[in-house]
Amino acid sequence: PSCANPTAEMIASCAAQAERILASTVRLEFHGLAGGIGHATVVGGRYLITHNHYPATAAVLKNGGEDQVTALSVFKANGDIILLKAPISYFQVVREEPQMLILDFQEYSGVGFLDSLGVASAEFRGGDDVLPQMGSEVAQIDWDGATAHVIWARVTALHPNGSTPSIELNSYVQQGASGGGVFYNGFHIANNWSRNIDRLADTGQIVRQYSVAALNTSQVAAMGNY
C-alpha cells in the first residue's frame, strides 16, 4: 500500500499530505528579457527554495535584474495571485548552489513577508537527515501548465555525493515544474532539477523516462532550518 495506490483507509491521509504540500508550493514568474518560470517551496515564512537554471543567473538577480529581469510574480499552487509584477527589490538571493536558489523576502515587524500573506511554510531537512532509500515513495510537485499538483513517485537511484547530490525518480514531470519540491515523510528534501529520456542507441527506442531532483545539502540545512 502507498499513496500512489492507496487503500480505502489511506485515501484521506494521502490527500491531507498533498494538501499540506500544495499549501507551501508557489509558482514563480520572472518578467523581462531573461524572464522564466519555475516552482518553489516556502520555508520559514519568508524564504523560497527553488531551482537555479532560470534564464537570469543568480548574479543578475543579486544585481537588481540588470535590466534583464524587471519584476517578479508569485502565484499559489492553484494559480491565485500572491504578488503580481512586484519589484525585484522585494527579495534577495541568500544562497546559491548548482541546482538551488534560496530567495529571502525578509520579515517586517518580526513576521515573515510570505507568512504575513497567509502562505504556509513547509518543514525542511537536508544532508543525511531524512535521506530516502531505494524504492522509497516521495511526494513530488508537478503541474499541468496552469496549476500544480502532487504526484507520488519512487526513488530509483541515489547520488548523495558529488557537487550536486541528487535522486532519480520514476516520474516524468512537465516542463515548468522545475524547482517544485520533493517531500519525504512530510519534509521538503529536494527540488525538481530535470527530466530525462534514455533511448537505445541503435533504434532510438525509449527504454526509460525519469526525473532528477537536487537534494538539500547539509550546508543549506545548517542555515538554521529557517
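The values are calculated or read from the model by the stated rules, or taken from the named source; none is laboratory data. No experiment lies behind these values; they were computed from the predicted model shown. Quick note on the areas: whole protein, heavy atoms, side chains included, nothing else; ligands and nucleic acids left out. Shrake-Rupley method; radii C 1.70, N 1.55, O 1.52, S 1.80 Å.
The angle separating the long axis of helix 11-23 from the principal Cα axis of greatest extent in the chain is about 30 degrees. Applied to the range 157-169, the Karplus parametrisation 6.51 cos²θ - 1.76 cosθ + 1.60 on θ = phi - 60° returns per-residue 3J(HN,Hα) values of 7, 10, 10, x, 10, x, 5, 10, x, 8, 10, 9, 10 Hz, with x for Gly and Pro. When Tyr172, Tyr54 are compared by accessible area at a 1.4 angstrom probe, the order from most to least is Tyr172, Tyr54. Normalised per residue, the accessible area of the range 10-84 is 41 Å², obtained with a 1.4 Å probe and no contribution from ligands, DNA or RNA. Among the protein heavy atoms, those of Asp128 account for about 140 Å² of accessible surface (1.4 Å probe, every chain in place).
Considering all C-alpha pairs of the range 109-226, those separated by over 19 Å amount to 51%.
Accessible area per residue, 1.4 Å probe, Å², for the range 102-199: what's the number? Mind showing how you got there, number by number?
Details: 4280 Å² over 98 residues.
About 44 Å² of surface per residue is accessible.
Taking amide hydrogens as placed 1.01 Å from N in the peptide plane, the amide H of Thr217 sits under 5 Å from those of Gly127, each at least 5 positions away in sequence or on another chain.
As a check on your grasp of the helix formula, calculate [θ] at 222 nm for the chain: sum -39500 (n - 2.57) over DSSP H runs of n ≥ 4, divide by the residue count, round to the nearest 500. Can you show the working numbers first?
On the way: 4 runs with 26 residues, N = 226.
Helices in the chain give a 222 nm mean residue ellipticity of -2500 deg cm²/dmol.
Across the accessible surface of the chain, with the other protein chains kept in place and a 1.4 Å probe, carbon and sulfur atoms take up 47 percent.
With springs only between Cα atoms under 10 Å apart, run a GNM on the chain and tell me which of Arg27, Arg199, Arg208 wobbles the most. In this elastic network of the chain, the residue with the biggest mean-square fluctuation among Arg27, Arg199, Arg208 is Arg199. Once the mean of 1/r is taken over each pair of separate Cα atoms and inverted, the range 53-102 shows a Kirkwood hydrodynamic radius of 11.8 Å. For the range 160-226, the C-alpha radius of gyration sits at 1.32 times the compact-globule guess of 2.2 N^0.38 Å, with N the residue count. Comparing Thr70, Thr156, Thr203 in a Gaussian network model of the chain where C-alpha atoms under 10 Å apart are linked, the largest mean-square fluctuation is found at Thr203.
Taking amide H positions as modeled 1.01 Å from N, with prolines and chain starts lacking one, the residues under 5 Å from Met100 and 5 or more places away or on another chain are Asn52. More than 22 angstrom separation, counting every C-alpha pair in the chain; what % is that? Cα-Cα pairs in the chain separated by more than 22 Å: 50 percent.
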